[in-house]
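A.B. asks: After the structure tokens below, expect a handful of questions from me.
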Amino acid sequence: MAFSAWRGIAGIIHPTLRPGATEEFIRLLPEGIGVIPLFINITRGTRDEFKTVMGGYEQQIALCAEQNCDAIHPNGAPPFMVMGREAETRLVGEWEAKYKTPIFTAGQNHISALRALGAKSIIGASYFQGDINDTFAAYFRDAGFDVRCMEGVDVPFNKVQELSGEQVYSHIKKSFLKHKGADAIYMLGSGWRTLHIVDMLERDLGVPVVHPVPARVWEFQKRLHVNEKRTGFGHLLSALPSMV
């Protein structure tokens, strides 16, 4: 094990070549956790494209396993959510048996985070449009959550990173106030640069927020038996609740 990875090695496979999420993830991790970041090249963000990428994910999972990663995270919620929970669970189980390494998808991570926060009902926000948001909502309903809404921001897939945090804050706040009673907010996707609004949303609306970047930092800590709290990025990292 490299000296820089004395607390464990995290393997992560990002779905696009879009910069931002990798840097944010590494900056939020505690010292001593090494990272092997790999990528596939999703470009269109469509349901049809998502159905073609599992072979690319498995190639990168194999590389992470060869490098003795302690846990592997195929990131990118939509490609796995469009499969449905049952197919996703079966595929991850097959990969874990084949590569002898713990593996968790983005969707599985987000469900774990919501459960750790005690959430029962959620409002969801994504940067996708159309009926694919209904598929995302069904994924969480299948996991037992009351999904009050799953509403997308109208932005081209290759322009997501250009959205301002203020635009996303406004979109989420309007959805939360319109669909009353949710006890958590869920943000789907790592493409937007919105870490700075997580604490603000939690303070203003009084419920926890699951954002993909803090969520994966939380789960890697739990899986690597590390417990270093971070403030300023939401309750999940400031409290580090146990995995349920």
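Just so you know, all these numbers are worked out from the coordinates, no wet-lab data involved. As the structure is a prediction and not an experimental result, all values here were calculated from the model. Ideal geometry is used to build each Cβ from the backbone, glycine not excepted, and the neighbour counts take in all protein chains shown.
A.B. asks: Given 0.36 nm per residue, what is the gain on full extension from E166 to R47 after removing their alpha carbon distance, in nm?
C.D. replies: Full extension of this stretch gives 40.0 nm more.
A.B. asks: Sort out for me the Cα centre separation of the stretch 142-157 from the stretch 176-214, rounded to whole Å.
C.D. replies: 12
A.B. asks: List the cysteines of the chain that have no other Cys Cβ closer than 4.7 Å: which are they?
C.D. replies: Singleton cysteines: C149.
A.B. asks: Follow-up question, since we're still on this one. Using every pair of alpha-carbon atoms in the stretch 91-156, split the distances into 5 Å bins beginning at 0 and state the percent of pairs per bin, rounded to integers.
C.D. replies: Result, from short to long distances: 4, 15, 22, 20, 15, 13, 8, 3, 0 percent.
A.B. asks: Could you work out [θ]222 nm for the chain from helices alone, using -39500 (n - 2.57) per DSSP H run of at least four and dividing by all its residues? Round to the nearest 500 deg cm²/dmol.
C.D. replies: -12500 deg cm²/dmol
A.B. asks: Separate question: State, to one decimal in nm, how far the label point of H179 lies from the label point of D199, with both points 7 Å from Cα in the Cβ direction.
C.D. replies: Modelled inter-label distance: 2.8 nm.
A.B. asks: Give the long-range amide H neighbours of I33: residues separated by 5 or more places, or on another chain, with amide H under 5 Å away, using H modelled in the peptide plane at 1.01 Å from N.
C.D. replies: Answer set, sorted by chain and number: R7.
A.B. asks: Straight-line reach only, C-alpha to C-alpha below 29 angstrom: list the lysines that K174 could link to, leaving out same-chain residues fewer than 8 apart.
C.D. replies: Of all the lysines, those that pass the test against K174 - Cα under 29 Å, at least 8 places apart if same chain - are K120, K159.
A.B. asks: Which cross-chain or sequence-distant (5 or more) residues have an amide H under 5 Å from the amide H of F128, H modelled 1.01 Å from N in plane?
C.D. replies: Here the answer is V153, since their amide H atoms fall under 5 Å of that of F128.
A.B. asks: Please list 167-176, 45-54 highest first by mean number of surrounding beta-carbon atoms within 10 Å per residue.
C.D. replies: By packing density, highest mean first, the sequence is 167-176, 45-54.
A.B. asks: Give me a comma-separated list of calculated 3J(HN,Hα) values for the stretch 7-16, in order, Karplus coefficients 6.51, -1.76, 1.60 applied at θ = phi - 60°, integers in Hz, x for any Gly or Pro.
C.D. replies: 9, x, 10, 9, x, 9, 10, 8, x, 10
A.B. asks: What is the distance, in nm, between label points placed 7 Å from the Cα along the Cα-to-Cβ direction at A62 and at K98?
C.D. replies: 0.8
A.B. asks: Looking at the chain, send over the antiparallel percent of its DSSP beta bridges, to the nearest 5.
C.D. replies: Approximately 0 percent, going by the DSSP bridge assignments.
A.B. asks: Still on this model: Could you go through the stretch 217-234 in sequence order and give the Karplus-derived ³J(HN,Hα) for each residue, using 6.51 cos²θ - 1.76 cosθ + 1.60 with θ = phi - 60°, rounded to whole Hz, and x for Gly and Pro?
C.D. replies: For the stretch 217-234, the Karplus curve yields 4, 4, 5, 4, 4, 4, 6, 9, 6, 10, 9, 10, 6, 10, 9, x, 10, x Hz.
A.B. asks: Further question: Could you pull out every residue, at least 5 positions away or on a different chain, whose amide H is within less than 5 Å of the one on I12? Hs are placed 1.01 Å off N in the peptide plane, and Pro or chain starts have none.
C.D. replies: Result for I12 returns I36, L38, H73.
A.B. asks: Right, here's the next one. Could you give the nm distance between label points at A143 and Q129, where each point is 7 Å from its Cα heading toward the beta carbon?
C.D. replies: Label at A143, label at Q129, 2.7 nm between them.
A.B. asks: Which whole-Hz ³J(HN,Hα) couplings does the stretch 82-90 yield from phi under the Karplus relation 6.51 cos²θ - 1.76 cosθ + 1.60, θ = phi - 60°, glycine and proline marked x?
C.D. replies: The phi angles translate into 5, 6, x, 4, 5, 5, 4, 4, 5 Hz.
A.B. asks: How high is the relative contact order of the stretch 52-164, given as a whole-number percent (alpha carbon pairs under 8 Å, six or more residues apart)?
C.D. replies: Once divided by the residue count of the stretch 52-164, the mean separation gives 24 percent.
A.B. asks: Still on this structure, I have one more. Going by a ≥ b ≥ c, the root eigenvalues of the Cα gyration tensor, does the stretch 21-115 fall in the rounded group (a/c under 1.5), the prolate group (a/b larger than b/c) or the oblate group?
C.D. replies: rounded
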